[in-house]
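Written out below as structure tokens is the structure these notes cover.
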């Protein structure tokens, strides 16, 4: 874990050293999340909020590390029983952005998420989930002005987040579609 964090810091420090332009910002928006794999549920709507740094390396290419609080989970309903699983993560995506045209960018990059809480209704179920999640993001963004922007993104969970010892074959992953708006300083 320390190696991953140190590597991310080294990449960001290298980016800052070679950057032509660095902008900091804040963003927030809606999450449409669900669990995939063996967990068969319906999607839940939640939110995300956080900070970012857009490091322009060239006119067409930028790196954008972010730190986001993200509400995720799934809704389960069987035979009249309804239960909502709410997962809260602190996510660190590092996006590579390519500006196709002046204000429109395509982005992709890895993400590491740290589980903050897991609740099924009011019951704490954090022990049933792994504390770290890895994913891959794909998305697009549009800069309306020099400061205001909007974006869409899909996070594909790559790691099994279930930590259920009695059911070793049980696998589940996060999947999150996000719509964001933000402001760059």
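No lab work stands behind these numbers, since they all come straight from the coordinates. Keep in mind it's a predicted model, so treat the numbers as computed, not measured. Using ideal geometry, Cβ is built from the backbone for each residue, glycine included, and neighbour counts are taken over all protein chains shown.
Structural remarks
- Fully extended contour minus Cα-Cα distance, from residue 51 to residue 185, at 0.36 nm per residue: 47.1 nm
- Peptides 64-74, 39-49, ordered by how many other C-beta atoms sit within 10 Å of their residues on average, highest first, read 64-74, 39-49.
- Considered as an equivalent ellipsoid built on the Cα gyration tensor, the range 132-185 has semi-axes of 35, 9, 7 Å, the largest given first.
- Percent of alpha-carbon pairs separated by more than 14 Å within the range 52-136: 69 percent
- Taking the inverse of the mean 1/r over every pair of distinct Cα atoms in the chain gives a Kirkwood hydrodynamic radius of 17.3 Å.
- Label-point separation, residue 59 to residue 170 (7 Å along Cα→Cβ), nm: 5.5 nm
- Residue 24 paired with residue 104, simple spin-label distance in nm, labels 7 Å along Cα-to-beta-carbon: 3.2 nm
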